[in-house]
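Step one of this worksheet: look at the structure below.
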2 protein chains.
Amino acid sequence: MARVPFETVCEVITEAFVRAGMREEDARTCARVHAESSCDGVYSHGVNRVARFVDYLRRGWVDAHARPAIFREVGVIESYDGHRGPGILNAFFAVNRAMAIAAEQGVGIVTLRDTTHWMRGGTYGWHAADKGYAALLWTNTESCMPSWGGKNTRLGNNPFVMAVPRGNGHIVLDMAMSQYSYGKLQVTRLKGAQLPYPGGFDQDGKLTAEPGPIEQSMRILPIGYWKGSGFAILLDTLAAILSEGLATNQIDKVGRGSCTGCSQVFIVFDPRQLGGAEFSDKVADSVADYVNSSTPDEKSREVLYPGQSTLRIRAEHRANGVVVDDDIWAEVMTLAGRTAA
Amino acid sequence: MARVPFETVCEVITEAFVRAGMREEDARTCARVHAESSCDGVYSHGVNRVARFVDYLRRGWVDAHARPAIFREVGVIESYDGHRGPGILNAFFAVNRAMAIAAEQGVGIVTLRDTTHWMRGGTYGWHAADKGYAALLWTNTESCMPSWGGKNTRLGNNPFVMAVPRGNGHIVLDMAMSQYSYGKLQVTRLKGAQLPYPGGFDQDGKLTAEPGPIEQSMRILPIGYWKGSGFAILLDTLAAILSEGLATNQIDKVGRGSCTGCSQVFIVFDPRQLGGAEFSDKVADSVADYVNSSTPDEKSREVLYPGQSTLRIRAEHRANGVVVDDDIWAEVMTLAGRTAA
């Protein structure tokens, strides 16, 4: 593990993306999202994900120069085709458009079809909250998890994001439908450790906290067993219908990497057009305070609301440098042309 | 257990509600929702919930004659004060208004503040889907569950509903944020059984599938541990902000029974205004087929999408009578004045 200043992380990733064919401004935007993800402790979609995105660009699975194009407008709902452009750029475009509509109409809804991986979904929730908007966003994905009661993968991880702005720290949820990601399984296995709670079934259908057998069976557990399974199904269906795009079963046939061809929904509210920013902030404070006033359980020293620990990690990484894995950072430096391959 | 014809269940509950002070038409609407819940196998909010609702009416916690009143209209968003009228009537009003707006604008959003228990949330999802709409609905509630890492109750169960219409059977999710309801804990304890999976922590912080110790500690488990905890927090905050109503921490101070004073959000989409009913149906079919085509696991004979088993239970109960608990049915008959108290 090493520490790299945040701005350096941004610069190096920008260079890697430019060398992979992106325009500099686009590369800078995407690089910043990867850097911020690592900075917020979401390593899986931060620096660790740079090489894979470069690979997708080189294979032509992501079109560096494609831009979203509108194909339907119905009231506050605008529907765009993402043309398999960079998922980060498409998602920023979408959430920004939704915010612009919401500023006029109280709510703005933008859908994207045939887009590509948006990386960390929380990015767009934090972004909206930073501008004073509340957001409800999700994407579907290729299948990686069985439906409840099934053995083979049928459901996407379908990350779901909710964000509420708050002067004293936004409340932001960014959750996938599986209890643990495959990344978490791998990291835990490499440490020789167990998952904190059971994370899936082994090949014989036994619930287990051992990561290895779950990686082999691909029978990862949906959050809340049957409930998360159902939630994933509905998010997928509604995303495909609203965006007039692909559902998970169709994304599985695209076969051009994770999320290529996926469907996304961005619902953004402007509290300033409703009860007002002051009221909204007061509600958010009351919720945060109520959670924080919990009596900690036997394993905890404090009880936090979603997003609260993110701000602490962010501040620490900004002050002391972003934590990067040595090998992964070396690879990114190579992709940036800063060291020999 | 007894079997009672569906129409008889409706009639008897209607009489009970009329005797508690409701107008007959209103009583009929509410009774039908309770009857349909039992008919669909959701006993907790069906016949089993009649006596409690009558009690709330008699205490004045629910105002039988109150009607929702609009206090803000911003584009496709209409905000109503529920005036603590019957939650079922308020929720039907809200979802019907949202459908009417969606029919014109593609999406309709109605919020309710200071309403009362809507009983089975899925009711309004099924209702919207029956009319060809997709829906995303939720309510907040009083606290009944600790935040992740905490010991004392801070979070509502905040039922969350998603529905997508489908010619061959709607896809409908109706889930609370706890892994199990207190009702399920009680029923399981009375049987002397264990929960299928751990459902909470005992007073010493040990995760357990024994219902009794969880009922005592009130440390029921959110779906997906920290994830469901976060989801409950965001649903609560956003419901209160959008409806300009109370958050869970404020509902806790109302102290007039479950959900009295709660905040609700009804987001309804009209697929006919977007990609069209045919496209929407095709997507929903593809999702349902993909799930149904799963290889069943060791414990299952088939793999179903959310709402699929509901239709089977409904058909069976319609054909053979609704299953009711003898003692509970006797109590409802008494409330209806059909038998002596």
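Structure above, values below:
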read-out	value
Residue-averaged beta-carbon neighbours from other chains (10 angstrom radius) around A:100-113	3
Around B:ALA239: net Lys/Arg minus Asp/Glu count, Cβ-Cβ under 14 Å	-3
Stretch gain in nm, segment A:ASP289-A:ASP202, where the contour uses 0.36 nm per residue and the Cα spacing is subtracted	27.2 nm
Ascending list, in nanometres, of distances separating the A:ASP285 label from those of the other copies (7 Å, Cα toward Cβ)	5.5
Exercise: per-residue mean of other protein chain Cβ atoms within 10 Å, B:59-65	0
All-pairs Cα distance distribution in segment A:179-221, expressed in whole percent, bin size 10 Å	38, 59, 4
Rounded to 5, the percent of DSSP beta bridges in chain A classed as antiparallel	90
Pairs of Cα atoms farther than 34 Å apart, the protein assembly as shown, %	44
For segment A:136-192, the Rg and Dmax computed from alpha carbons only, in angstrom	14.8, 45
Kyte-Doolittle mean at least 1.0, axial Cα span of 18 Å or more - DSSP H helices of chain B	B:226-243
Under 15 Å, Cβ to Cβ, from A:TYR43 - net charge with Lys/Arg +1 and Asp/Glu -1	-1
Value of [θ]222 nm, deg cm²/dmol, for chain A, DSSP H segments ≥ 4, -39500 (n - 2.57) each, nearest 500	-13500 deg cm²/dmol
Among B:ASP252, B:ASP81, B:ASP285: highest mean-square fluctuation, GNM of chain B, C-alpha pairs under 10 Å	B:ASP285
Ratio Rg/Rh [Cα only; Rh per Kirkwood] for segment B:50-203	1.02
Loop-located GluC sites (Glu not before Pro) in segment A:282-336 whose Cβ has at most 14 other Cβ within 10 Å (DSSP)	A:GLU298, A:GLU302
Label geometry 7 Å along the beta-carbon vector: A:GLU24 inter-copy distances in nm	8.0
Rg over Rh [alpha-carbon atoms, Kirkwood Rh] for chain B	0.96
Copy-to-copy label separations for A:MET1, where each label sits 7 Å from Cα toward Cβ, in nm and ascending	5.5
Estimated FRET transfer efficiency (A:LYS131, B:GLU73; beta-carbon r; R0 30 Å; 0.05)	0.80
Given charges at beta-carbon only (K, R positive; D, E negative), |dipole| of segment A:179-221 in Debye	140
Whole-angstrom gap from segment A:72-141 to segment B:158-200, using each part's C-alpha centre	31
Length-normalised contact order for chain A - Cα pairs under 8 Å, 6+ apart - percent	23
Tail weight of P(r) past 24 Å, computed on alpha-carbon pairs of segment A:1-96, percent	25
Separation of alpha-carbon centers, segment B:218-288 and segment B:9-60, rounded to whole Å	24
Share of Cα-Cα pairs in segment A:245-341 lying beyond 16 Å, as whole percent	79
Convex hull volume per residue for segment B:159-311, taking Cα atoms only, in Å³	164
Relative contact order of segment A:179-221, pairs being alpha-carbon contacts under 8 Å that are 6 or more residues apart, as %	39
Residue-averaged beta-carbon neighbours from other chains (10 angstrom radius) around A:301-307	6
Relative contact order %, segment A:23-102, counting alpha carbon pairs below 8 Å whose residues are six or more apart	23
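Taken together, the values in this text are just the output of simple stated rules run on the coordinates, not laboratory data. Owing to the predicted nature of the structure, the values given are computational and were not obtained by experimental measurement. So basically every Cβ, Gly included, is an ideal-geometry build from the backbone, and we count neighbours across all protein chains shown.
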